[in-house]
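Remarks on the structure that follows.
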Amino acid sequence: MKTNASRLLLIVDLAGTFLFGMEGAMTAIRNDLDFFGVLVLAFTTALVGGVIRDLLISAVPAASLRDSRHAASAFAAGAGVFVFHHFVVKIPSPAIIGLDAAGLGLFAVAGTEKALEFGIHPFIAVLPGTITGVGGAPCARCSWLRCRRFCDPIFTRRLPSPERSVWWWRAKWGRLPR
């Protein structure tokens, strides 16, 4: 029974990671980020809430950093949204809101369950569960706003990637390295 519960918790956690990774990737694409920027925002949105939860309950290093399946799920969601963004933007807004609510619910359940496994009182375990659900998106948005001020020429898709790199290097140092 314990094995089935652990397996279900892992599936719920990975499903929530994938859904929030998609949301972070969609935010990145709406802000004209390139592939690397999409992956960074997908990873941050999907996993930072769990990292904060794990730090609060003293489960270090964080599970999402120890287990590569979490990062793979976030990166797969980001890459999928990047490649198929023409189809993803056609998803109706109510469906996106429903997916966001599903991801929030999945993460809240997984976060609360993990807090209970670490011996946190059930009344207090709701807090790490909530942080797991809502912690990633604000961190991703704050990091994006900060990063945009300093890294806009690098991470936006206004030019194709090789041209952007050459343009940025020449703007910064005046010539290409030899």
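If you take the residues of the stretch 77-107 that are small (Gly, Ala, Ser) and modelled with pLDDT under 85, which of them is nearest to the chain's Cα centre (by Cα)? For the stretch 77-107, the residue satisfying everything is Gly103.
What about Val12, is it of a type in the set (Val, Ile, Thr), surrounded by fewer than 24 Cβ atoms within 10 Å (Cβ to Cβ) and free of Cβ contacts under 8 Å to residues at least 40 places away in the same chain?
Judged against the criteria, Val12 is not a match.
Given Leu99, Leu106, Leu116, Leu65, which one is buried (at least 19 other Cβ atoms within 10 Å of the Cβ) and among the hydrophobic types (A, V, I, L, M, F, W, C)? Just a single option satisfies the conditions, and that option is Leu106. A single entry from Leu47, Leu56, Leu65 fulfils the requirement of being within 13 Å of the chain's Cα centre (by Cα) and farther than 18 Å from Gly105 by Cβ: Leu65.
Residue-by-condition table, conditions (1) of a type in the set (S, T, N, Q); (2) at pLDDT 85 or above:
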| position | (1), (2) |
| --- | --- |
| Ala42 | no, yes |
| Thr45 | yes, yes |
| Gly50 | no, no |
| Asp54 | no, yes |
| Ala59 | no, no |
| Ala71 | no, yes |
| Phe75 | no, yes |
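The values are calculated or read from the model by the stated rules, or taken from the named source; none is laboratory data. Predicted model, so just to flag it, every value in this text is computed and none were measured. Neighbour counts are summed over all protein chains in view; Cβ atoms, including those assigned to glycine, are modelled from backbone coordinates with ideal geometry.
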